[in-house]
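Worksheet for the structure shown next.
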Amino acid sequence: MKRTRIAHALTLPAPASGLLLKGWIRTVRNGKNVSFINLNDGSNMSGIQVVVPGELDGIEAVRKLTTGSAIEVVGDLVESQGKGQSVEVQATKVTTVGRANEDYPLQKKGASFEFLRSIAHLRNRSNTFGAVFRVRSKLAQSIHAFFSDRGFVYVHSPIITASDTEGAGEMFRVTTLDVGNPPRTDKGEVDWNEDFFGKPAYLTVSGQLNAEAFALGMSDVYTFGPTFRAENSNTTRHASEFWMIEPEMAFCDLSENCDLAEDFVKHLLRTVLDDCQEDLEFFNLRIDKGLLERLTHVVDSPFERMSYREAVKRLKDSGQSFEYPVEFGVNLQAEHERFLTEKLVGRPVFVTDYPKSIKAFYMRRNDDGETVGAVDLLVPAVGELIGGSAREERLDVLEDAIRELNLEPEDYSWYLDTRRFGTAPHAGFGLGFERMVMYATGMQNIRDVIPFPRTPRNCEF
Ligand code: 4AD
Ligand code: MG
């Protein structure tokens with residue numbers, strides 16, 4: 001007999017006989033003549049009600065089953081007599097696969113997210129986290145569908161790299177040297193020539209430079225993989241290890257880049273609205289009351305676009321007092337970004353053309369000499385969801401930008417080759433996957449949308 005996933009069983013017309021279900025017990029309730037088990041196998045939120053008649057062979061063992069135990073049930077799908085479900089399973093055989101000890105930590109409803117983080121290896125068995133990780137999985141799958149439908153090539157950019165793409169110096173070093181006793185140069189400095197790769201190496205902060213090389217040859221490409229940032233920021237929106245989707249398009253300008261980003265975000269939200277209804281209704285009820293209305297509204301209305309200059313002006317004119325004052329030339333802080341998208345605009349907004357002094361070296365210089373063709377997408381409740389830009393395709397301008405940062409163009413020689421051999425205007429962006437999951441679910445802490453989160457001073461599991 002073949003196992004039926006519970007989500008599928010619930011779609012079958014009742015009555016249907018001889019189903020085999022396997023899963024974990026969420027609750028057991030023993031009545032006088034029957035026992036009720038709520039069985040869940042992760043395929044949906046509700047699980048299925050299993051009714052075990054008192055005269056069943058081995059009923060004594062069933063009555064002693066504990067929450068969390070793994071069991072197999074053979075039975076018939078029938079219309080339910082009780083409230084709360086339309087169908088249920090009338091068991092003809094129940095077998096214990098793996099008993100859960102009495103101290104199973106997921107006994108009660110309403111455990112705090114903080115407590116559940118301390119049992120990240122078990123929390124996928126709770127309603128909230130089962131839903132989060134189903135939505136996360138659906139989003140990941142629909143990312144590939146979106147790009148595949150548009151003819152993009154999926155590129156695996158390297159995890160280990162020697163380049164600091166963002167130039168922010170927030171990289172984790174990768175080394176096999178003996179940290180207690182590293183080889184030294186004549187000057188007494190650590191001799192990275194002796195290290196595994198013969199030079200300093202790090203975990204990547206972004207696959208962008210590699211994606212650019214592929215875009216300038218394969219036209220439309222994207223990466224989707226883990227990225228790493230050793231920034232010591234303990235916020236609800238930053239993780240040390242997170243996933244990023246980075247499309248890169250040749251013969252593309254900033255405005256077409258925004259068009260793709262808008263289509264992409266809407267596609268992802270539409271997918272979860274269509275395919276994860278039960279989970280989204282749960283989030284709307286328990287986590288974020290305005291979620292469904294907000295997402296539906298976002299999918300149906302155009303995103304706003306404004307320049308950084310305009311954004312600064314509107315923030316200043318708003319009369320709102322911010323902890324960090326806002327002026328042309330400053331980095332927008334989370335408080336500014338949230339106020340802009342939530343209060344001033346009331347929906348997602350692309351902010352473009354930032355001062356060159358606060359953005360990365362690869363961004364395309366605008367004719368005003370002051371700004372670059374950068375774009376951030378800010379969304380209510382989350383803040384910055386996307387960062388991207390038009391790339392500087394002019395070799396001499398790019399070399400100057402590198403020198404202005406006191407870096408050596410020679411260190412970027414492979415990257416500059418793409419500007420030497422058939423350069424072309426191109427643009428791309430990075431969407432933070434966890435922030436997208438937060439946006440789609442209403443979850444408020446990035447630690448609660450990653451299976452096993454890594455943050456400063458936290459590398460459990
Ligand atoms: O704005 P960022 O730093 O841009 C880049 O890395 C570019 N190279 C992307 C590109 O143009 N191809 O990061 C992109 C996005 C941010 O908008 C944010 O959503 C997310 O990645 N992000 C983080 N998410 C979680 N934790 C962190 N520490 C993050 N840092 C950035
Ligand atoms: Mg950014």
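The values are calculated or read from the model by the stated rules, or taken from the named source; none is laboratory data. Keep in mind it's a predicted model, so treat the numbers as computed, not measured. Neighbour counts are summed over all protein chains in view; Cβ atoms, including those assigned to glycine, are modelled from backbone coordinates with ideal geometry. Please note that ligands, DNA and RNA were not included when accessible areas were found on the heavy atoms of the full protein model with its side chains. Shrake-Rupley method; radii C 1.70, N 1.55, O 1.52, S 1.80 Å.
Per-residue answers, yes or no, for (1) within 30 Å of His267 (Cα to Cα); (2) among the hydrophobic types (A, V, I, L, M, F, W, C); (3) in contact (Cβ under 8 Å) with a residue 40 or more places away in the chain:
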| residue | (1), (2), (3) |
| --- | --- |
| Arg123 | yes, no, no |
| Ser126 | yes, no, no |
| Asp149 | yes, no, no |
| Asn193 | no, no, no |
| Ser206 | yes, no, yes |
| Ala215 | yes, yes, yes |
| Arg229 | yes, no, yes |
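Considering only residues in region 3-54 that are in contact (Cβ under 8 Å) with a residue 24 or more places away in the chain and of a type in the set (Lys, Arg), the one that is nearest to Glu102 (Cα to Cα) turns out to be Arg26. Residues that are under 27 Å from Arg338 (Cβ atoms) and open to solvent by 50 Å² or more (accessible area, probe 1.4 Å) within region 236-267 comprise Thr236, Arg237, His238, Glu241, Trp243, Ser255, Asp259, Asp263, listed in sequence order. Pairs linking a residue in region 87-115 that is within 20 Å of His8 (Cβ to Cβ) to a residue that is open to solvent by less than 50 Å² (accessible area, probe 1.4 Å) and of a type in the set (Ser, Thr, Tyr), with Cβ atoms under 7 Å and 6 or more positions apart or on different chains, are Val87/Ser80; Glu88/Ser80. With respect to Pro456, is the statement that it is away from ligand 1 (no atom under 14 Å from the Cβ) and either more than 30 Å from Gly290 (Cα to Cα) or open to solvent by less than 10 Å² (accessible area, probe 1.4 Å) (or both) true? For Pro456, the condition - away from ligand 1 (no atom under 14 Å from the Cβ) and either more than 30 Å from Gly290 (Cα to Cα) or open to solvent by less than 10 Å² (accessible area, probe 1.4 Å) (or both) - is not met. Sub-6 Å Cβ pairs linking a first residue in region 324-339 that is assigned by TED's automatic domain parsing to the domain that holds Lys356 and among the aliphatic types (A, V, I, L, M) to a second residue that is open to solvent by less than 60 Å² (accessible area, probe 1.4 Å) and not in a helix (DSSP H, G or I), at least 6 apart or interchain, are Ala334/Gly383, ordered by first then second residue.
Within region 397-428, take every residue that is touching a residue at least 24 places away in the same chain (Cβ under 8 Å) and among the hydroxyl-bearing types (Ser, Thr, Tyr) and give me the one that is least open to solvent (accessible area, probe 1.4 Å). The qualifying residue least open to solvent (accessible area, probe 1.4 Å) is Tyr415.
Reported count of residues in region 356-373, each being of a type in the set (Ser, Thr, Tyr) and either within 14 Å of ligand 2 (Cβ to nearest atom) or not assigned by TED's automatic domain parsing to the domain that holds Arg420 (or both), is 1. Using the structure shown, decide if Phe339 is in a helix (DSSP H, G or I) and not β-branched (Val, Ile, Thr). The answer is yes for Phe339.
Taking helices (runs of 4 or more DSSP H) as the structural unit, those lying wholly within region 374-456 and holding at least 2 residues that are within 16 Å of ligand 2 (Cβ to nearest atom) correspond to 433-441.
Here are Phe322, Phe361, Phe350, Phe328: which of them is part of a loop (DSSP other than H, G, I, E, B) and within 16 Å of ligand 1 (Cβ to nearest atom)?
It is Phe361.
Per the conditions (1) modelled with pLDDT of 95 or more; (2) within 26 Å of Thr236 (Cα to Cα), the sole criterion not satisfied by Glu170 is (1).
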